[in-house]
Amino acid sequence: NTPRMESEAEVPPLSYSLSPPSEALHRATEWGCGVLSIGRSWVRYEGWLMKEAGLAGGWHMRYFFVNGSRLDYFKEETGKVQLGSGGHLGCSVDHSNMVTSVERGGGTGQKAGVERVLQEGDVVIGVNGEPVVHETLHEAIGKVAGQTITLTFLRPKGKIMLAGASVTVGGGRKQGGYTLQLSTNDSGSRRSRHTLICADERSCYGWVSSIKEAIAAAAMETIKTTISQALQLQALQPA
């Protein structure tokens, strides 16, 4: 079932509730190219969008990116971490501050070890409320006084598969921003509708174009798989 659409009066502006680290991430994203696009050719587009909250209604800010043949999204979260000796955080991150591994056996309670806060796939975007978009996490921690820090990070929250999907521009809103409508296959003949709100018309058309490219790529992969399976079956047939 399609979640009910809130009236425009109930939908907050796109910039609603962006923290300083998230705002810095937004400013660092130009034409859909941001921190997750660097070094990842399969990331086609990224940025903040407002997403319907599902059957509960309402809207939430989520950080989306077109990841190959699907649309992934993150939620901003925060957590306090107790540093180890010498300011050791206890995790490894890549060039975009995405967590690649987490050490075990940290602290408890308010002085939690990093394993109680971060998990693989999280993207750290702030330390003690300050953005770390243009520097590495370990460089930012080196500037901090004290053993307890507050991390702001993006946590993976969902994926929307784009195979067999369709996307259209919904139009402008009185409060600003543009909507796009995404219709996807769930299972069998059932389809789900997703309404997303972009910052402006330009970004909306950028999202739609990138999602259409991903849909086409997913269709091509399906065709390739079908042909490969047919050739394998043909090879098994007796001469």
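Only alpha carbons enter this Debye calculation for the chain, each as an equal point scatterer, and the log10 of I(q)/I(0) it gives at q = 0.12 Å⁻¹ is -0.76. Comparing 138, 227, 66 along the charge dipole axis of the chain, the residue lying farthest to the positive side is 227, per the Cβ-charge model.
Counting 0.36 nm for each residue step from residue 219 to residue 200 and taking away their Cα separation leaves a gain of 4.0 nm.
Taking the chain as a Gaussian network, where each spring joins two C-alpha atoms under 10 Å apart, which residue of 223, 141, 215 fluctuates the most? Of the options given, 223 has the highest mean-square fluctuation.
Against the chain, whose longest principal axis comes from its Cα atoms, helix 201-236 is set at around 60 degrees. Among the cysteines of the chain, those with no neighbouring cysteine Cβ under 4.7 Å are 33, 91.
Each residue, residue 139 and residue 85, gets one label point 7 Å from its Cα in the Cβ direction; the gap between the two is 2.8 nm. Using the Cβ-Cβ distance between residue 234 and residue 192 with R0 set to 41 Å, the FRET efficiency works out to roughly 0.65. For residue 51, the aspartates and glutamates whose Cα comes closer than 20 Å to its Cα, not counting residues fewer than 8 places off in the same chain, are 6, 8, 10, 23, 72, 76, 77, 122, 186, 200, 201.
Taking amide H as placed 1.01 Å from N in the peptide plane, the amide H of residue 127 sits under 5 Å from that of 132, 152, each at least 5 places away or on another chain. Of the peptides 34-41, 82-89, 196-203, 230-237, the order by per-residue mean of other Cβ atoms within 10 Å, starting with the highest, comes out as 196-203, 34-41, 82-89, 230-237.
Just so you know, all these numbers are worked out from the coordinates, no wet-lab data involved. Predicted model only: the values in this text are computed from it and were never measured. Cβ sites come from the backbone with ideal geometry, for glycine too, and all protein chains shown count toward neighbours.
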